[in-house]
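Please read the structure below before turning to the comments.
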Amino acid sequence: MKKYAVIFMVLAQILFASNLPEPDLDIFFDENATSKQIDAGLDQILEFLSQNPHRVNDEYSEFNDRLFSPFIYNVKIIKTGKFDFERIKKVLKFKPELNYKFMIFTPLDAVIALGIDPEGKYKFDQKETIRLIDLLVANGADIGSPELLHMACNTEAFDIFSHLLSKGARDDKDVMLCVAGGIAIFMGQNGASPIANAPLDPKIRQFAKTAKFAEFYRDKMRYLEELLKFKPLSEFEAKDLEIFTKLAAILDSEDMVKFLLKNGVCKQENLQTSCENLKKYATHYDAKESLRLINEVR
């Protein structure tokens, strides 16, 4: 009897579900959609899943959207900066797989990327984003996604960056590049682009000694200092290290060179290539202060 009861329930679900329309995901990306329309669309998905729980991981459209995606990425969230935790918790009860990619994002990537404003800074309340990150991780999202730390750095979301590390994120891919690139872009915006021509434009090193640069530099370097609490410099991406050492030589930056030397460049055997690169670039760009510091250590 139990077997027949299960079969009957499955058949009843199928027959009843056939009367429900497929959820339309387009409304969630319509810039003209109202909050009321978004809420109605989310409720429609919840109703659909209540009768079709096996459809929770179905893919929709060429972007591999799933029925979970609109709960963390829709125009209402973009406009208000608020996540609808009540509805998110409801959809999580259907146990969606949370490590898929839609567009170019995993759900965790999307939660961070959603807060980027046109100037590249994070506009949402980072505490709310951290709350959602924890909720997704608790429900199976992989904290090891290779873009998380890089994205948090690029969006200047330091609290999120630090929290991701505390939860176990360790993939430093492009984090040092984020810092070095951010410094280079900032200098360019202030008329001192560190283009590696020979001879170097004097404005490059002049601007690198200003209080304005020092303040920006300290803000960007927080990301590397925080990352170093969890992994040594020797485990950073080699190509990123080379770009950073080259920029340090171009600027003849005492702070950047001291940072490298303090964290083992020119002392640790597995960082000798970086040490040689630093010396090579410092010689090439006649970075006298950098060479003095290197020679003191060696």
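The values are calculated or read from the model by the stated rules, or taken from the named source; none is laboratory data. Computed from a prediction, not measured in an experiment: that's the story for all the values here. Here the Cβ positions follow ideal geometry from the backbone for every residue, glycine too, while neighbour counts run over all protein chains shown. For accessibility, only protein heavy atoms count, side chains too; no ligands or nucleic acids. Shrake-Rupley method; radii C 1.70, N 1.55, O 1.52, S 1.80 Å.
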By residue number, the members of region 281-298 that are in contact (Cβ under 8 Å) with a residue 12 or more places away in the chain and either basic (Lys, Arg) or touching a strand residue (DSSP E or B) at 6+ places or on another chain (Cβ under 7 Å) (or both) are 288, 298
For region 206-236, give me each residue that is assigned to a helix (DSSP H, G or I), open to solvent by 60 Å² or more (accessible area, probe 1.4 Å) and more than 30 Å from residue 270 (Cβ to Cβ).
206, 211, 212, 215
Which ones in region 59-84 are surrounded by fewer than 13 Cβ atoms within 10 Å (Cβ to Cβ) and modelled with pLDDT of 95 or more?
none
What's the number of the condition residue 289 fails, among (1) surrounded by fewer than 19 Cβ atoms within 10 Å (Cβ to Cβ); (2) under 15 Å from residue 242 (Cβ atoms); (3) more than 31 Å from the chain's Cα centre (by Cα)?
(2)
When every residue in region 156-184 that is assigned to a loop (DSSP other than H, G, I, E, B), over 14 Å from residue 222 (Cβ atoms) and of a type outside the set (A, V, I, L, M, F, W, C) is compared, the one farthest from the chain's Cα centre (by Cα) is 168
Give the residue that is farthest from residue 171 (Cα to Cα), with candidates limited to residues of region 85-104 that are without any contact (Cβ under 8 Å) to a residue 40 or more places away in the chain and open to solvent by 30 Å² or more (accessible area, probe 1.4 Å).
86
Which pairs do you get when a residue that is over 16 Å from residue 127 (Cβ atoms), found in region 153-166, comes within reach of a residue that is open to solvent by 30 Å² or more (accessible area, probe 1.4 Å), reach meaning Cβ atoms under 9 angstrom, with the pair 6+ apart or on two chains?
154/116; 165/229; 165/230
Please tell me if residue 140 is loosely packed, with under 14 Cβ neighbours inside 10 Å and either free of Cβ contacts under 8 Å to residues at least 12 places away in the same chain or part of a helix (DSSP H, G or I) (or both).
no
Checked region 45-58 for anything in a helix (DSSP H, G or I) and surrounded by 20 or more Cβ atoms within 10 Å (Cβ to Cβ); matches are 45, 49
Name the residue that is most open to solvent (accessible area, probe 1.4 Å), counting only residues in region 19-41 that are touching a helix residue (DSSP H, G or I) at 6+ places or on another chain (Cβ under 6 Å), part of a helix (DSSP H, G or I) and among the hydrophobic types (A, V, I, L, M, F, W, C).
27
How about region 145-195: which of its residues are in contact with a strand residue (DSSP E or B) (Cβ under 7 Å, 6 or more places away or on another chain) and surrounded by fewer than 21 Cβ atoms within 10 Å (Cβ to Cβ)?
156
State whether one or more residues within region 188-200 are within 28 Å of residue 162 (Cβ to Cβ) and assigned to a helix (DSSP H, G or I).
yes
Hey, among the residues in region 125-137 that are assigned to a helix (DSSP H, G or I) and charged (D, E, K, R), which one's most open to solvent (accessible area, probe 1.4 Å)?
127
In region 271-280, is there at least one residue being within 19 Å of residue 153 (Cβ to Cβ), basic (Lys, Arg) and open to solvent by 40 Å² or more (accessible area, probe 1.4 Å)?
no
Suppose the filter is over 27 Å from residue 148 (Cα atoms) and either open to solvent by less than 50 Å² (accessible area, probe 1.4 Å) or in contact with a strand residue (DSSP E or B) (Cβ under 9 Å, 6 or more places away or on another chain) (or both); does residue 249 pass it?
yes
